[in-house]
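Below you'll find the structure, written out as structure tokens, and then a few comments.
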Amino acid sequence: IVVMAAKLGTRALAHERLNGMADALAAVSHELRTPLVSVNANVRGIKRLLAREPHALGTSGESVDGAVGRIESEVHHMQHLISMFLRSARAVNEQPEEVERLGMHAMVDSVLCQYPFNSPEERALVSVELRRDFAFDGQRELCVVVLLNLLNNGLKALQRAGKGSIRINDRSLEEFFG
């Protein structure tokens, strides 16, 4: 009985710790999102000004426009990361969802529709080659978090390398390399 009580106490403590981490992550995400929205609005204002008067800021419009584009890209990326943090916090904080039968095609399509690509060119780097759909038992929210994270990591790797593409497919390693 004492061992069982200790195990239950340890589980409860771990659960409370996870809840606290999820709450903190949600609060940090919320606090970061608000200033990013403001920065993004300012960037849009600068872009409108540059479109009307390219030399309004006393420097070449091209260099300012490039800087604004980079700022806007970073804001966009940070907002995406915050969304992923919030999804993770909700997944940790909520009671576990029921396991359901999920189709991989639908999950991949959902993630590609949700992902905030920086440009049509960035979206074009990702291709989907699923020859056949397959289903698996899982939790929708957790699957989305995993797929979003994989896509985000892949796009960061492409950015660092300055080349490449991402292919989402259902081929085995032997089929792919053989």
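Among the residues that make up region 111-122, is at least one of them loosely packed, with under 15 Cβ neighbours inside 10 Å, in contact (Cβ under 8 Å) with a residue 24 or more places away in the chain and under 19 Å from Arg70 (Cα atoms)?
Looking only at region 111-122, we keep the residues that are loosely packed, with under 15 Cβ neighbours inside 10 Å, and these are 113-114, 116, 119-121.
So of that shortlist, the ones also in contact (Cβ under 8 Å) with a residue 24 or more places away in the chain come out as 114, 116.
When the remaining residues are screened for being under 19 Å from Arg70 (Cα atoms), the result is 116.
There is at least one residue in region 111-122 that is loosely packed, with under 15 Cβ neighbours inside 10 Å, in contact (Cβ under 8 Å) with a residue 24 or more places away in the chain and under 19 Å from Arg70 (Cα atoms).
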- Write out, first by first residue and then by second, each pair whose Cβ atoms fall under 7 Å of each other, whose residues are 6+ apart or on separate chains, and whose first residue, in region 150-171, is within 16 Å of Glu121 (Cα to Cα) while the second is assigned to a loop (DSSP other than H, G, I, E, B). Leu151/Tyr115; Leu158/Leu125; Leu158/Gly164; Ser165/Leu125; Ile166/Leu125
- Note on the structure: Leu158 passes all but one of the listed conditions (1) surrounded by fewer than 15 Cβ atoms within 10 Å (Cβ to Cβ); (2) part of a helix (DSSP H, G or I); (3) touching a Gly at 6+ places or on another chain (Cβ under 7 Å); the exception is number (1)
- Boolean, Gly9 is at pLDDT below 70 and either open to solvent by less than 50 Å² (accessible area, probe 1.4 Å) or not in a helix (DSSP H, G or I) (or both): yes
- Task: Keeping to region 125-146, report how many residues are modelled with pLDDT of 90 or more and either under 19 Å from the mean Cα position of the chain (by Cα) or farther than 25 Å from Glu100 by Cα (or both).
- Result: 4
- Message: For region 98-110, which positions are β-branched (Val, Ile, Thr) and either on the phi > 0 side of the Ramachandran plot or crowded, with 16+ Cβ neighbours inside 10 Å (or both)?
- Response: Val108
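The values are calculated or read from the model by the stated rules, or taken from the named source; none is laboratory data. This is a predicted model, so every value here is computed, not measured. Quick reminder, even Gly has a Cβ in these numbers, built from the backbone with ideal geometry, and neighbours come from all protein chains shown. Calculation scope for accessible area: heavy atoms of the full protein, side chains included, ligands and nucleic acids excluded. Shrake-Rupley method; radii C 1.70, N 1.55, O 1.52, S 1.80 Å.
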